[in-house]
Structures are given as C-alpha cells and as structure tokens.
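Computed from the coordinates by the stated procedures, all read-outs in this text should not be read as laboratory data. Everything numeric here is computed off the predicted structure, so don't read it as measured data. Cβ sites come from the backbone with ideal geometry, for glycine too, and all protein chains shown count toward neighbours.
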Amino acid sequence: MNFPKYPVLAAALATLGALSACNDAKNATASETAAVVNKAQDAADSASTAATPTAGNASAASTSAGSPATIPAGQRADAATITARPQVPILCYHQIRDWRAKDSKGAKDYIVPVAQFRAQIKMLADSGYHTILPDQLYAYLTTGAALPSKPIMLTFDDTDLDQFTEARPTLDKYGFKAVYFIMTVSLGRPNYMSKAQVKQLSDEGNVIGSHTWDHHNVKKYEGKDWVTQIEEPTKKLEEITGKKINYFAYPFGLWRPESIPELKKRGMDAAFILAEKRDQQDPLYTIRRIIASGYWSPRTLHNSIVQSF
C-alpha cells in the first residue's frame, strides 16, 4: 500500500432530523494529480500482488483474519507504530435513496441516490479495491498483517432500511462485505431494519457494530449514559447476531478521551470517528472515516479517497 498523507478535512457536523448522523467535509475537488497517483499505485499493486484476490472473492479475503482476542497483548504494536502505518480508506454511508424535494442541501451529503451509489461501488470494483472487515484492519494495525491490494472498508451508520434493500444487493454483486453500525432504538421501526435483517447481514459475512441506543452525542454522556447508550445496545446486538460485538462508531463522529476507557471496559476493541485527527495515545479508538457524499461522482469519490488517506 502507498496511501498519500492527507490534508486534514474539517467535519461540519449537523443533526439530520431526530435520528440523522453527522456532516462531513463538502465536495472534494477533482484532481488530475490524484489520477496520476492512482495510476502509479495500480501499477505497483499489480507488480507486487500476483496472488491478490479479485473483487469476486473479496469476501473470503475479508473474513480471513482472526478476532482481536487471538492476538496476544505482547504482540500488539504500540500507539506510535499504529499511528505511523498508512491509513486504510474507510467510507461512511447513511441513506441510499433518491433525493426528495424536501431534502435540504446539507442532508444530501448523507443521502446517496441509488444510481449514484451503484456507480460509486462499481468504480471501486473496477479500480481494483478489495473490501476488508474490522478484524482484518485490527490485525494490520496491531501486527502489520498483510492486506489485499487496495484495501477499503465500507461502513453504514444508523440502521436505515435502504442499506439492506439497496446497498446490500449492490455490494453482493461485487463480492463486497461491509460493516453496519446499528442504532438499536430504531430496530423494527418504519424505514429501518428489523432484527431479522440485521442477523441476516451478520450471517452473510458482514460485521455488525454498535452505534448507541439513540444516537446521543458521546461528549454529553454522564452517569448511566454509558450503560444505556453503549452497554445495553451492545448486549442486544450480541443477542440478535449470536456474535461478540467488538466495534463501535461514535454518533456524529464525535468523541472525547473519557470515552475510550468506557469503551474498553465494555469489550470494544476499536472505535471509529469521522474526519477528525486521531488520538495519539489510543489510535485504535479513533480510526478515521470519510462520508461518501451524495453529491460525489465516482471520480470525485476516487480522488477523495486518494487525498484523504
């Protein structure tokens, strides 16, 4: 991998209705330089990874890493080493549906029209990207374990039904797997996924992560909020999937240092922010993602990936 260092993108955060997620940087400018960088990267990848899995079997590669529990503490890299490793591109999606007349300009950053989403995912497959899942990312960050060429992680926040009905079939077409960060208050509500659909995603090889009970800002937690927002929703997801829930995404991408020991106490091995700076002491609990904007063409998304990671 050879990801260029990125200029930090500021996150413009706003609530989209009662259960919406976070704003991110606005449209990235298309860059001819990015295209040159990617061309060189593609050539290097082709020369060095003769046995690299294709998009069609990316799911097998994505699920090959053991869980963090299989990596002895003494074999895990320190924070400085983890921070120094090239970042893996991670995209964050919310709603996959066509825009409506009432959607605000800001909301459209989080609403990717169906045809646009399909074009974005096709671009990733055509460009040779291979999806990975959090266990594989964890092994890479802590031990330097090998990843497929041009790794990328696809994540979905907030439990929206269209992630199941629209995103899932598109990802399946290319053998891609993803991470779904579930907000449990919405389970079974109109326009949100049911427990059965969440379990199906898990059974099909995707990863289910925790995204709180009702999207309450972690910076405002007090007292029992850690139980209500993290501990109880995580247990519920473990009951639904029958699997340990190891990963967490902060609502709005916002975090504070006090949240990290609370997450560790509740069994989280890593946590995901948005386009803010990572914590130098606990980089595994501030792993960066960028919003895949509904305004972005496949080319703009491609350039944003190159420039941001």
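Just a few scattered comments:
- Under 13 Å, Cβ to Cβ, from Thr70 - net charge with Lys/Arg +1 and Asp/Glu -1: 0
- In this label model, Glu204 and Arg85 are separated by 2.8 nm, measuring between points 7 Å along each Cα→Cβ vector.
- Rounded to the nearest Hz, the phi-derived 3J(HN,Hα) couplings of segment 227-233 under the Karplus curve 6.51 cos²θ - 1.76 cosθ + 1.60 (θ = phi - 60°) are 6, 5, 8, 10, 5, 5, x, where x marks glycine and proline.
- Among the listed pairs Lys199/Lys220; Lys150/Lys244; Lys173/Lys199, those beyond 26 Å (Cα-Cα): Lys199/Lys220; Lys150/Lys244
- GluC sites (Glu not before Pro) restricted to segment 210-308 and DSSP loop, no more than 13 other C-beta within 10 Å: Glu222, Glu258
- Segment 257-279 and segment 91-113: distance between their alpha carbon centers, rounded to Å: 27
- The calculated FRET efficiency for Gln280 paired with Trp99, based on their beta-carbon distance and R0 = 35 Å, is about 0.35.
- Estimated FRET transfer efficiency when R0 is 22 angstrom, pair Lys173-Lys264 (beta carbons, to 0.05): 0.05
- Counted charge near Lys265, where neighbours are those whose Cβ lies closer than 13 Å (Asp, Glu -1; Lys, Arg +1): -2
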